[in-house]
1. Restricting the count to DSSP beta bridges whose residues both fall in the range 59-215, what percent are antiparallel, rounded to a multiple of 5?
2. What is the order of 219, 159, fewest Cβ neighbours within 10 Å to most?
3. Using the membrane-span-like helix rule (whole DSSP H runs, Cα extent along the own axis of at least 27 Å, mean Kyte-Doolittle hydropathy at least -1.0), which helices of the chain qualify?
4. Within the set of other residues whose C-beta is less than 15 Å from the C-beta of residue 102, count the net charge using Lys and Arg as +1 and Asp and Glu as -1.
5. With +1 on each Lys and Arg Cβ and -1 on each Asp and Glu Cβ, how big is the dipole of the chain about its Cα centre, in debye rounded to the nearest 20?
6. Neighbouring Cβ atoms within 10 Å as the yardstick, rank 94, 77 fewest first.
7. Can you pull out the GluC sites (Glu not before Pro) in the range 158-226 whose DSSP state is coil and whose Cβ has at most 11 other Cβ atoms within 10 Å?
8. If you take every residue apart from residue 111 with its C-beta less than 9 Å away from the C-beta of residue 111, what net charge results, scoring Lys and Arg +1 and Asp and Glu -1?
Amino acid sequence: MHVLALVHGRQGRSGVFGDAVVERGHELEEWSLAWGEPPPRPLDDYGAVLVFGGVMHADEDDRHPWLREETMFLQRLLDVRTPVLGVCLGAQLLARAAHASVGPAREPEIGWYEVELTAAAADDPVLSAMPQRFHALQWHFYTHGVPAGAVELARSAVCTQAFRLGDAAWGIQFHAEVSHAQVARWLSEDEAPGFDVDAILRETEQRIEAWNAVGRDLCNAFVTVAERVEAPV
């Protein structure tokens, strides 16, 4: 199966999700609409799409005109029911593509925050791979509404953390894909005013190994859904 990783700059990459895809024998190809070139292969050739994070916000069309094109691209994925999983900005763009609101959260979440699954997650084919409560790596200033017809699957004290739309689309606000190296790079390169960078890095060192195992489980559950769509019984 060919899997497309939709990226937004060098910071929001596939991380342990990419490792999980390749370990299952599939081919992962990265692409960005910001590159101004077509994807490596026709869209219909992809059995699944992963949409990752970025430093931009989901409503910054004036600064990043390709965001409007990406929203239409995601609308097409939803229309044809290609399995898609959006992470952070990817979840916000997926929600936007489904006509939900996106905008600033009442407060940013940067670092490790507790997340709890909703009752609806218990039998969800993807989020049921997560613990009922867990500390998740977060890095976002924006949030999104739950699209009409979608099911909220997880929440933090601040906002929605996961949803499912239909039977083939998921969004997660937290960064289940992130590696230790990625977090260290974000903390060294990005501005995080009001946050204790050293404390976040120390907590990352304590939590990242277990978090990566959870992230692989989550991605594997999503890929299992895509495999079933690709080769129905």
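1. 85 percent
2. Result, fewest neighbours first: 159, 219.
3. Both cut-offs are met by 197-230.
4. Values: positive: 63, 68, 96, 106; negative: 59, 60, 61, 62, 70.
Once positives and negatives cancel, what remains is -1.
5. Value, rounded to 20: 300 debye.
6. Details: 94 31, 77 23.
Listing 94, 77 from fewest to most nearby Cβ atoms yields 77, 94.
7. Sparse-neighbourhood loop GluC sites (Glu not before Pro): 191.
8. -3
All of the numbers you see were taken from the coordinates with simple rules; none came from a lab. This structure is a prediction, so every number in the text was calculated from the model and none was measured. Cβ atoms come from the backbone with ideal geometry, glycine included; neighbour counts cover every protein chain shown.
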